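Chemist: One structure, pasted below without further comment.
The values are calculated or read from the model by the stated rules, or taken from the named source; none is laboratory data. Predicted, not measured: the structure shown is a model, and the values here were computed from it. Cβ: placed from backbone, ideal geometry, glycine included. Neighbour counts: every protein chain shown.
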Amino acid sequence: RYHPDGTLEFLGRTDHQVKIRGHRIELGEIERALERAEPVREAVATVVPEPRDTLCAMLLGHDTVDNSPDEVLETAARHLPEFMVPAHVEFTDAFPLNANGKIDRAGVRADLAERLVARAEAEEAPDAELVGNEAVLASVWTELLDVRSPTRRSNFFHLGGDSLLATRMLAALRREGLSGSLGDLFSSPTIAGFASRLTSVDGSDSPTPTIVADLENRHEPFELTDVQRAYWLGRHTGFTLGGVGSYWYWEFESGSVDLDRLEDAWNSVVERHEMMRAVLDGDGRQRILASVPRFRFQVRHTTAADHDEAVAELRGMDSQILDVTTWPLFDVRAVQRDDGHTVLGIGFDYIVLDALSIVTVLSELSALYTDPNLHLPELELSYRDYLLATRTDDDVRRRDEAYWLRAIEELPPPPALPLRIAPEQVEQPSFVRRETRIGPERWQRLRGRAAEHGLTVSTVVATAFAEVLTVWSGEPELTLTLTVFDRQDLHPDVNRVVGDFTSLMLLAHRSRPDEPWARTVRRVQGQVWEGLEHNGVSSVWVLQQLAQRHGASQMLMPVVFTSTLGVSDEFPDLELSFGSQTRGLSQTPQVTLDCQVIEQDGGLTVNWDYVEGLFAPGVVADAADALRFLLEALVDQDWDVPPPHIPLPVGQAEVRARVNDTGPGNPPRLLHPPIFT
């Protein structure tokens, strides 16, 4: 890997690198960790294709030491992140060799595959015990969770399930004629428990939407989603914290990039994806253009003398407000030095693309840059057809309206973070980023702790974020806005098509400092899943109802939590063929703070994108550090006791004490004497 500062890092042979569930893994690193175990003399790691790319290793042992696979795996777990620990290890008397006398890795892989099949056949097949709803559920889990032969005691969360996978599971069960709820899964997450809660449904009772391809009207205008409409209206300056676009910026660096070839790849992606050719009309509807001209990168060529200045100018594109009525709703610019070093800026207006869509675009761009002749699978789904097919049923809407009208009766206000000025005084919001990171080893252990307690790691981080904000706000109750990536599993291509599939959900958090941490997260997770089950109305509608209750023209919940955990396997690997992602920033109308959590390179990256100059000095930086402190502490903390205390910075504690000091400043005296003098 060639770093921007000129450092050349040797990562190993590319033919010894593999990618499993989005993580790029160097097999040699695994082998060295395995060889640290006392029983192991030499190790060969590989990936066995069945079942579904399983990381395994074959070992040569020492004659004088007992061959203990458990001891080897325990040693590996101490030196490797969880995703790099092999699922299976096998000892052998000798490695297969090729004609040159070297280890035959293909032979090792085949030998391990045979041993795994033999072991599976020797074990009692758990599916033989499963009948009826349990058998159907086990089949869905096998496909969805990438597991082999779940048993009646298998736990959805222990197998890596989360809210996104849960909603996909419910859709799959409905296609099998079964209905279940997220709440039942949360309370009974095993095969036996959840299967007992499933009920048979008639397809006419609550029919699954059918997507009908409407080729004749493909380029006719169609309505925005509620979230898209909020983004569109929020661009106008008449709203508090308005006058800003919905914009996502990423910056990449590389030692050398063929910009002409990259431009060709970019235009291939534009041609492939309809929503890369989308615009909005003046009346607030969107449409897909049948054809667009070739997009040309803006490229500035520099020398060492003027390179830094040119890069600084390039970074001015990180906060653009694009004209959504004019194509394109993206921007690509590059600064290329005469020695080939390139800085590439890519910006998207995410009024037409959500986070998964942006990652899809960049991943396909990387693949097409590597191989211009690559043929990607044809897309048979249109975002327009999907949107028109997913209108909410009237009965469901009435049910969900009633749910949220009850909920807003007790909805707390947004976090009251210390401000420098009032939001109404911000004339032109400008966003900046504070980034923190948790390393792979600690992050994988935190993921394991969440799974042990049957909790999703996304909810663990969201709860920690909310707890930090209660401390910084000085209030035990607050409401956050959660970003939900809501792609209904209605078509095989739904996760490959680009568009804005996001919805928003309001989450009321009530801090209970003396409550065990696992119970707190479980309470929040239950609330999140209950909200997901009542998503027939948008948070925009809920806020409109809340504003009417308070007699206000608008009501904001401007602190957002966005989790991409589990959304896409591509997020962990942003070492793309045209460069490494080095900087980023996002901005959203009527938002003061957006905390985004992304799993990258085996660890967790937490981005705090916030309005510059709005908060009191140091508030966001200190809160970001406090969240990192809490998450790190939870790795080793007992979750059956309350979480560790989150200390305020000394300066803020002193200010708060001074403001709250309302004791009398004057000695006691009578009030009436001055009247008679």
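Chemist: Suppose we filter A99, A76, A94 for residues that are assigned to a loop (DSSP other than H, G, I, E, B), farther than 24 Å from W141 by Cβ and either at pLDDT 85 or above or within 35 Å of the chain's Cα centre (by Cα) (or both); which single one remains?
Modeler: A94
Chemist: Can we say T677 is under 30 Å from Q320 (Cα atoms) and at pLDDT below 95?
Modeler: Answer is no for this residue.
Chemist: Filter the range 102-131 down to residues that are among the small types (G, A, S) and within 35 Å of the chain's Cα centre (by Cα) and give me whichever is modelled with the highest pLDDT.
Modeler: Top of the filtered list is A113.
Chemist: Taking the conditions exactly as written (surrounded by 14 or more Cβ atoms within 10 Å (Cβ to Cβ) and under 30 Å from Y249 (Cα atoms)), does P412 satisfy them or not?
Modeler: Here the answer is no, as P412 does not meet what is asked.
Chemist: In the range 627-647, which residues are under 13 Å from E467 (Cα atoms), crowded, with 18+ Cβ neighbours inside 10 Å and more than 21 Å from the chain's Cα centre (by Cα)?
Modeler: Result: P643, I646.
Chemist: What are the residues in the range 586-630 that are in a strand (DSSP E or B) and out of contact with any strand residue (DSSP E or B) (no Cβ under 9 Å at 6 or more places or on another chain), if any?
Modeler: Hits for the range 586-630: nothing passes.
Chemist: Also, quick follow-up: Go through the range 492-510 and report how many residues are surrounded by fewer than 20 Cβ atoms within 10 Å (Cβ to Cβ), outside any strand (DSSP E or B) and not basic (K, R).
Modeler: Total satisfying the criteria: 4.
Let's see how each residue does on (1) closer than 22 Å to E410 by Cβ; (2) modelled with pLDDT of 90 or more:
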{"position": "G439", "(1), (2)": "no, yes"}
{"position": "W443", "(1), (2)": "no, yes"}
{"position": "G454", "(1), (2)": "no, no"}
{"position": "T463", "(1), (2)": "yes, yes"}
{"position": "E467", "(1), (2)": "yes, yes"}
{"position": "E475", "(1), (2)": "yes, yes"}
{"position": "T479", "(1), (2)": "yes, yes"}
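Chemist: Moving on. Just a yes or no: is a residue in the range 356-369 β-branched (V, I, T), more than 18 Å from V494 (Cα to Cα) and in the same structural domain as L233 (by TED's automatic domain parsing)?
Modeler: Within the range 356-369, not a single residue is β-branched (V, I, T), more than 18 Å from V494 (Cα to Cα) and in the same structural domain as L233 (by TED's automatic domain parsing).
Chemist: Another question, then. Among the listed residues T199, T237, T225, identify the single one that is at pLDDT 80 or above, of a type in the set (S, T, Y) and closer than 21 Å to R487 by Cβ.
Modeler: T225
Chemist: Would you say V269 is within 24 Å of the chain's Cα centre (by Cα), among the aliphatic types (A, V, I, L, M) and farther than 27 Å from S539 by Cβ?
Modeler: So V269 passes the test.
Chemist: Out of the range 318-340, which residues are touching a residue at least 60 places away in the same chain (Cβ under 8 Å) and within 15 Å of S246 (Cβ to Cβ)?
Modeler: D318, S319, Q320, I321, L322, V324
Chemist: Of all the residues that make up the range 183-196, how many are closer than 20 Å to F485 by Cα and either surrounded by fewer than 20 Cβ atoms within 10 Å (Cβ to Cβ) or of a type in the set (D, E, K, R) (or both)?
Modeler: So the count comes out to 1.
Chemist: What are the pairs with Cβ atoms under 6 angstrom where one residue, in the range 102-117, is small (G, A, S) and the other, located anywhere, is in a loop (DSSP other than H, G, I, E, B)? Sequence gap at least six, or different chains.
Modeler: Once the first residue is small (G, A, S) and sits in the range 102-117, its partners that are in a loop (DSSP other than H, G, I, E, B) give G107/P96.
Chemist: Further question on the same structure: Report yes if some residue within the range 210-226 is within 25 Å of the chain's Cα centre (by Cα) and either surrounded by fewer than 17 Cβ atoms within 10 Å (Cβ to Cβ) or farther than 30 Å from R168 by Cβ (or both); otherwise report no.
Modeler: Yes, the range 210-226 contains a residue that is within 25 Å of the chain's Cα centre (by Cα) and either surrounded by fewer than 17 Cβ atoms within 10 Å (Cβ to Cβ) or farther than 30 Å from R168 by Cβ (or both).
Chemist: Let me ask another. Tell me, which residue of the range 533-542 that is surrounded by fewer than 21 Cβ atoms within 10 Å (Cβ to Cβ) and among the hydrophobic types (A, V, I, L, M, F, W, C) is farthest from D393 (Cα to Cα)?
Modeler: The selected residue is V540.
To keep it simple, each residue is scored yes or no on (1) outside any helix (DSSP H, G or I); (2) closer than 25 Å to P423 by Cβ.
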position: L233; (1), (2): no, yes
position: L241; (1), (2): yes, yes
position: G245; (1), (2): yes, yes
position: W250; (1), (2): yes, no
position: V270; (1), (2): no, no
position: M276; (1), (2): no, no
position: Q286; (1), (2): yes, no
position: A290; (1), (2): yes, no
position: P293; (1), (2): yes, no
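Chemist: For the range 515-528, state whether one or more residues are more than 16 Å from the chain's Cα centre (by Cα), in a loop (DSSP other than H, G, I, E, B) and farther than 30 Å from P429 by Cβ.
Modeler: Within the range 515-528, one or more residues are more than 16 Å from the chain's Cα centre (by Cα), in a loop (DSSP other than H, G, I, E, B) and farther than 30 Å from P429 by Cβ.
Chemist: I'd like the full set of residues that are among the polar types (S, T, N, Q) and in a loop (DSSP other than H, G, I, E, B), limited to the range 350-383.
Modeler: Result: N373, S382.
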